[in-house]
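See structure below.
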């Protein structure tokens, strides 16, 4: 599958679908080029394309590019919980901006209070970086209220209880 040009793509949806297909086929370089075409020439206000570009740039370890793409998606649609969550992961793991990551996870949750992954990421951040075990317990219990089978949240709750019993 080749990279489309602005002459071969008629709609942003067509461009986005081509980028997704290239990504799913494992051709990240062509997928990135296609996402860039989507956001630069086809429709610069298409938040999903900015988000897709951010995911691939993040996966390629282009952290600055990914952060820029996530922020652009959020400028267009500030109520996009998956973008907030992935921005949080980027800030926490790559930039070591724990306060920024916590804020991003909370914004993801504000956008979608039933977003279990964001609750779990917030719980992990509170547990691992802030040693806020009470806050982490609340977050993990929220995850389990949303999805009672969420294994990571179950494990993390047990882990916190072990820490608290050991420290107590």
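The values are calculated or read from the model by the stated rules, or taken from the named source; none is laboratory data. This is a predicted model, so every value here is computed, not measured. Counting neighbours? That spans all protein chains shown, and the Cβs are built from the backbone with ideal geometry, glycine included.
Residue pairs whose Cβ atoms lie under 7 Å apart, separated by 6 or more positions or on different chains, with the first residue in the stretch 41-60 and modelled with pLDDT of 95 or more and the second not in a helix (DSSP H, G or I), are 47/77; 47/80; 51/80.
Condition test on residue 59, is it loosely packed, with under 14 Cβ neighbours inside 10 Å and within 24 Å of residue 120 (Cα to Cα)? Judged against the criteria, residue 59 is a match.
Table: residues versus (1) farther than 28 Å from residue 166 by Cα; (2) touching a residue at least 40 places away in the same chain (Cβ under 8 Å); (3) out of contact with any helix residue (DSSP H, G or I) (no Cβ under 6 Å at 6 or more places or on another chain).
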residue	(1), (2), (3)
104	yes, no, no
110	yes, no, yes
119	no, no, no
130	no, no, yes
139	no, no, no
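Filtering the stretch 15-37 to residues that are under 11 Å from residue 49 (Cα atoms) and free of Cβ contacts under 8 Å to residues at least 12 places away in the same chain leaves only 17. Taking the stretch 75-163 and the helices (runs of 4 or more DSSP H) fully enclosed by it, the elements with 1 or more residues that are within 27 Å of residue 57 (Cα to Cα) are at 81-93, 98-111, 116-128.
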